[in-house]
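The structure appears below as C-alpha cells.
The values are calculated or read from the model by the stated rules, or taken from the named source; none is laboratory data. The model shown is predicted, which means the values in this text are computed figures rather than measured ones. No Cβ is skipped: glycine too gets one built from the backbone with ideal geometry, and neighbour counts run over all protein chains shown. For the accessible areas, the whole protein counts, side chains as well, though only heavy atoms, and no ligand, DNA or RNA atoms are used. Shrake-Rupley method; radii C 1.70, N 1.55, O 1.52, S 1.80 Å.
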Amino acid sequence: LHLSIRRQRQMCIRDSNDTYGAISAMHVIEHIPFKKLISLFQEVYRCLAPGGIALFETPNPRNVFVGACSFHFDPTHIKPVPAELSSFLGEYIGFELRGIRYATPHPDITKEELEKPSLSKLWHESFAIGLDYGLILKKPE
C-alpha cells in the first residue's frame, strides 16, 4: 500500500480500485488535518474490495486522561478524533459501521476497580474506558 499526501489537501493511495481485503491505519488519523482525513477515508474505500474491512485505531479523547493530558504529549498530533466523528465520516463515505472497540486500559486502574459496581457510569465512561479505540468499517459487498 503506497500512500502519498498531496498539497491539494488530498491523500492518494497509488493502488487500483477494489484491491485489498483489509487496510489498517494505527495511530495515523490524529496526525492529519480533517480535509485530508476525508480524503484518506475516500481512498481507503476506493482501494478496498467489496466486503473489505478498514480498521483505524487512534487515541480515545473520551477518556479524560487522553483528552486532557496524554494526547498532547505528542507534538505531531493535530487534534483528537472522537469515535462519533470518525464513525460518522466512515458512514458518510459509504462504509458500514461494524464496531468501535475500546482498548488499552489505563495502567493505574486495576481490574478490580473496573468491576466495582459502586462506581458511576460517568466514571467508567470518563476514566475506565480504553485509552485508544479501534473503528471497524466494512465496504458493502
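With Cα atoms as the point set, the radius of gyration and Dmax of the range 17-58 evaluate to 10.3, 28 Å. Checking the cross-link pairs LYS79/LYS116; LYS36/LYS139; LYS35/LYS138 against a 26 Å limit on the alpha carbon distance flags LYS79/LYS116 as lying beyond it. Just the protein heavy atoms count here, and of the accessible area of the chain at 1.4 Å, carbon and sulfur take up 56 percent. Here is the P(r) of the chain: all C-alpha pair distances, binned every 10 Å from 0, give 12, 38, 30, 15, 4, 0 in whole percents.
If you restrict to DSSP beta bridges whose two residues both lie in the chain, what percentage is antiparallel, to the nearest 5? The antiparallel fraction comes to roughly 75 percent.
The residues of the chain have, on average, 58 Å² of accessible surface per residue, using a 1.4 Å probe with all protein chains present.
Any chance you could give the angle, 0 to 90 degrees and rounded to 10, that helix 34-47 forms with the longest Cα principal axis of the chain? The angle comes out near 60 degrees. Between GLU112 and VAL64, the FRET efficiency estimated from the beta carbon spacing at R0 = 22 angstrom works out to 0.65.
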